[in-house]
Structure formats: C-alpha cells, structure tokens
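Take a look at the structure set out below.
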Amino acid sequence: MIQHRPLGSGHPYAVDTEQRWPDPPLVGQALHLGVRTSGDIERVMVEVETSAGPSQTELTPVVRSSRGQSQDGGHLASAQAKQARRQGGWQTELTVVEAGPIRYRFTALSADGRQQRTKWYSCRAASWRPAPDSALAVDGSSQRLIPGTVEILDDGQRRHRLRFALALDPMEHVSGFGERYDRLDQRGVALDSQVFEQYKSQGLHRRTYLPMPFAHVVGAQGWGFHVRSSRRVWFDLTQPDRIVIEAIIDPKATPQTQIDRDGRLAGANDPGATRRDSSDPSTATAARFDQSTSSDEAPLTLAVYQGSPDQVLAAFLAEVGRPRELPSWVFRLWASGNEWNTQAEVERQVELHRRHDIPVGNVVVEAWSDESTFTIFRDAQYRVRGDGGPLRLADFSFPPDGAWPDPKAMTDRLHAAGIRLHLWQIPLLKMRPHPSGQLKADAAAALRQDLLIQETAPDGSLRPYRNRGWWFPLALMPDLTDQRAAGWWTDKRRYLVEEIGIDGFKTDGGEHAWGSDLVYLDGRRGDEANNQFPVAYAAAYGRLLESCGKAPVTFSRAGFTGSQAHGAFWAGDENSTWEAFRWSMIAGLNAAACGIVYWGWDIAGF
C-alpha cells in the first residue's frame, strides 16, 4: 500500500507525513513530498516533471505522524495510542526553481520485487508579486496602510493569498484577536485566526478555540481594524514599526467563477469546466488575476475604525452583531462534573451545594445521554424511529432502576430550587463503534436527506466528511450553517426543551471541520466556512430555545467573528494549575475586548 494526500488531514498547525507542503509550492523554497506505506515497502521513489525537465528522487524513511498527534497529544490524550503506528512514513524535499506546473508520482518497491505506483499529481509553483494598493479594499481611513506593501501570491493561473502592512507607532499596543490566553499586548509575537481545539496549555501555543481577525490599537491616536474574512489570516507583530497581515483569499479570478454543489469548477466564463479534484485543488484553472484589478474587485477588505476602544468596539459590533441580553440567572454560579452521570448523583450534588451554602444557579449535566445520539437519556427505552425524525417525551419509558428514572421530575425539582439545567452536546453523528438503534437511523436519514458536510474523494467525487480530529474520529458532521440541516438536527432535541424543561445547552466542540477541501451545502469550501461553523452551531441551538419560549442560552467554547450575538462562552479545557488560571483570566479579557460579554472558565481546571 502507498498513499499520498496532497492536503493532508487539514490540521492547521502540523504537517502530515503523507502530504505536500507548502501548498502552493513557493518559488525558491523547498517543496516537501511524502507518502505512507504498508510495512512490506523497502524503497519509495518520486518522479517529478517541471518545465526544467524530469527528475527522480528516492524518499527517506521517517517516523510517521498524522493529524498533529506528535505535537498536540489529542483531546484527553486519546491520540497517544496512535503513536504506536510509527512505521510506514517516507519523505523528501525538492527545491522549486521557477513558477509554473509541477507534476509528480510515487513508486513503491516491496521486498519481493513488486512495484506499486500512484497516479500523477499536479500543482503549480507560486510566487509573491507586487500588487496595486487598490488590490486591498479599505473601508475607513487608509493612512495606516504602508504604500507599496500590498502583494499577491499567485501561480500564474490562480491567486492564493494577499499580504500588506499597517504602520504602528512606537508607543502603540495591539490587543484583541479573539480569545487569547498568552498576553494582552500582542506586539512582538505572531498569531493567526484559525478555530482550533488546542487541548490545554493554550497560552503556550497561541492557539485558540475562539479567534477573530479584529484588534484594538491603543496608546496614541486610538484605532482598530477588522480583516473581513472567515478564511485564515496571519498577523506578524514582530517588527518594530508595522503589522504584517497575510490572508488566504478567494481563489476565484473573476466573480463569476465558483464551485458548484457537485464539486465542479463552474462559471460564466468557463461553461465547460470539469470537476475539481479537491485533494489537489491547485489543478483547477481560473483566469489570471490581473494587476489592474479595481478596488471593487479586490479580493480582501480591511475595515479601519477610529477612536477610543469603546468607539472601536461599538463600530465593530455594529458590523458583526451585538450581544443579546440574557437573563440575570446566567450570572449565577455554574457547576458540573463529568462524574455526575446519574439522576441520583445530580440530586446529591445539588443537596451538597445547598448544605454548604454554595449558591449554584446553573447545573450542566455532561454524561446524561446514551453517548450515541446525544438526544436520548441513558437507559431510556423507546422504539427506533426509522425515518430519523424527532421523538417526543411520550415515546420514552424510563426504568425506575435506570440512570435517569424521571428526567422531567428532576428538572422540575431543580427549577423549584431556583436552579437552571443545561445538557451537554456535540455536533457530530458518532460512527465508532458501528452505529445501531436510533443513531443508525439518524445517520441514514442525514445521508438520504443530504444534510452533511462533504469532502472530496481522491477520484474527485464528493462523499460525506468524516471527522479528522482526535475526538470522535470518523464521525459524520451535519452542516449546521444550513437552515434545513440545522432545523432537522435541533428538532430532535426539541422535546428536551418543550417537555422536560431544559434551560440551555453546553454546545461543546465546534472545531471538528478540518481542511480546505470540505464542501458545505451552499457550495462554500472549508477554507471559507470552517471558521463559521461554531457560530452557526450556537445560533441553531439558540433558535431552538427561543422557539420554545426560552432565552437563547448556549455555553460554547468555540467561536469566531459573529459569535458575540450567540450565547455564553467558557475558556475550554485547561490544567488545574495557577499558570492555567492566569491564562484563563487573560483569555477572558481579550474575549471581552472583542465583544464577548457572557464568559466564564473552569475555575478548578478540567
């Protein structure tokens, strides 16, 4: 077996052994190519064809790494077991001499002399070139844009990124960028705006569940900026007189070019375009982005706000959405524990808090469900609904000796004591172990009704996306950015609110969409939509709660620009140390500077 995945798993901070890196290849820099193989392979060769002619190189065996496991460890360290699979990695690096097409394939030789060969893969080497200042659309004052710093990264057929620099005064400080754990003043560091599940030690890695391409600049005149993009943006604040900003941009060269729902490159200027292979998207052809592009066609917009921090924040929130006022009970103490996994334990803990005069106002129950559907209480008895439609409370019976003998009575007793109840959620259809019962019916319905995020298979066809992260691997992911899919998903939870009386949901996760090759139901690709998924996730549950006459109280850890209007947030999983306590406080201050009003953290760690 020999496998090459040009884009890898989509992990934003680690390179998989079997991928191509960087993407696109950059003129004058090394191009890394890798594969993974079965244990019987003794040698791997790569044939490369460029305008300079063909060449052949032998790959070097390496310790295999996938999905960032060697760096991150994974949620709850579950990925550690994967490290046993160390064999089977091969890599080499080539120097990219000039712009233009690159074509390559791999050949593997086994001990018995058998030969295996991959298909040909294609990409184009790109280089940075000066662009007119009008290639960046500036909404507001453009005096901070340093003239002549706007550049476009393109490969002669397609544009990939845009970068530019904003001037900073020596006394200015830069703060914000979403929920950041390491510091308040980001001068002197580099960071980016990618939603990511960094399990613990976020302050060390400068990775966050809740980034935003927005910042305050204070200390002189007072101003702020927002890169209006849901794609990944990098911010380099290590230079003494400027911020260098680099952003992935729409690869389209003209407004008409787009990816249609079937994964084909289509457009008014390209009626006969063929299906794009998203495993190697640089093979797609589009008209060249001309240097004379007007500001109306600029691939990126920068909003610049003037004034004091409150004026800057007000202008930003007017654009992206203001926080909704939530009921006062949100500000009361929240309590939960993973081991509060039965009705008897929840009621025992509530009584202990009362006895010790700890004024709990909210209880979050995490281990309540069947750990399969996340819609059904564990031990509940019911008849599977084959069409995947919503169940009602009358469809269930609760054994007296089960984990949850009467969820409705428990909820009523909590309400009588002035305590609100929230249930844990995850936005996935769990597929390991193999689904059965209601989950099997739900997964079939989601496939049948086309409700899932998709990815591109090696042959260019679309197939359901399978979670590439370490938490619930290979799970299916409903497209909660789509109203129809979100409605189907939340209707299955409606009885919990309408009939049992649940007050809110802990909308955990939200970072499971990895890779630019994902395709959402409206045709957007992963590089554009992945960061927006957690915003839509919380919004969908908020709509459910409001439709049942409840306040839209969700409790999320992931988010992005626009999350301000959707519920409350907490700082995610963290160690039980004073250092982690400090990081959480910094995270809350930065989140607040970006308009996240309702915020908390695990005060004792996770």
* **Mean separation of Cα contacts under 8 Å, 6 or more apart, over the residue count of the range 2-48: relative contact order %** => 36
* Structure fact -> For 446-452, 591-597, 205-211, ranked highest to lowest by mean beta-carbon neighbours within 10 Å, the order is 205-211, 591-597, 446-452
* Just need the Rg to Rh number for the range 396-493, please, alpha carbons only, Kirkwood Rh. => 1.08
* Label-zone membership for the range 308-346, site residue 356, 7 angstrom Cα→C-beta point, backbone N under 20 Å -> 332-346
* To do: Count charges around residue 418 for me, please; just the other residues with Cβ under 12 Å from its Cβ, Lys/Arg as +1, Asp/Glu as -1.
  => +3
* Can you list residues whose amide H is under 5 Å from residue 242's amide H, if they're 5+ apart or on another chain and H is modeled 1.01 Å from N? -> 168
* Over the range 501-606: Kirkwood hydrodynamic radius from C-alpha pairwise inverse distances, Å -> 14.9
* **Probe 1.4 Å, accessible area per residue of the chain, Å²** => 40
* Quick one: which residues, 5+ away or cross-chain, put their amide H under 5 Å from the amide H of residue 126? H built at 1.01 Å from N. => 26, 27
* Taking residue 408 as the anchor, which lysines have their alpha carbon closer than 23 Å to its alpha carbon, excluding any fewer than eight residues away along the same chain? -> 492, 506, 550
* **Percent RCO, i.e. relative contact order, over the range 490-603, from Cα pairs under 8 Å lying at least 6 residues apart** => 23
* **In sequence order, calculated HN-Hα J values of the range 29-39 (Karplus, 6.51, -1.76, 1.60; Hz; x Gly/Pro)** => 10, 6, 10, 9, 10, x, 9, 10, 9, 6, x
* Asked: In the range 112-142, what trypsin sites (Lys or Arg not before Pro) fall in a loop by DSSP, with at most 13 other Cβ atoms inside 10 Å?
  -> 114, 119
* Asked: Each label point is 7 Å from the Cα along the Cα-to-Cβ direction; what then is the distance between the points at residue 58 and residue 297, in nm?
  -> 5.0
* Asked: Mind checking which aspartates and glutamates have their C-alpha under 12 Å from residue 430, skipping anything on the same chain fewer than 8 residues away?
  -> 370, 371, 442
* Asked: How much of the accessible area of the range 426-466, probe 1.4 Å, is carbon plus sulfur, in whole percent?
  -> 53
* Using per-residue counts of other Cβ atoms within 10 Å, averaged over each peptide, order 464-471, 347-354, 22-29, 522-529 from highest down. => 464-471, 522-529, 22-29, 347-354
* Structure fact -> Non-local residues with an amide H under 5 Å from the amide H of residue 600, with H modelled 1.01 Å from N and Pro and chain starts lacking one, are 569, 570, 571
* Compactness of the chain as Cα Rg over 2.2 N^0.38 Å, two decimals -> 1.02
* In the range 136-226, if every C-alpha pair distance is counted and binned at 10 Å from zero, what percent goes to each bin? -> 14, 39, 33, 14, 1
* To do: Given the peptides 417-426, 314-323, arrange them by the average over their residues of other C-beta atoms within 10 Å, most packed first.
  => 417-426, 314-323
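The values are calculated or read from the model by the stated rules, or taken from the named source; none is laboratory data. These figures come from a predicted structure and were not determined experimentally. Heads up, the Cβs are rebuilt from the backbone with ideal geometry, glycines too, and the neighbour counts pull from every protein chain shown. Accessible surface areas use protein heavy atoms only, side chains included; no ligands, DNA or RNA. Shrake-Rupley method; radii C 1.70, N 1.55, O 1.52, S 1.80 Å.
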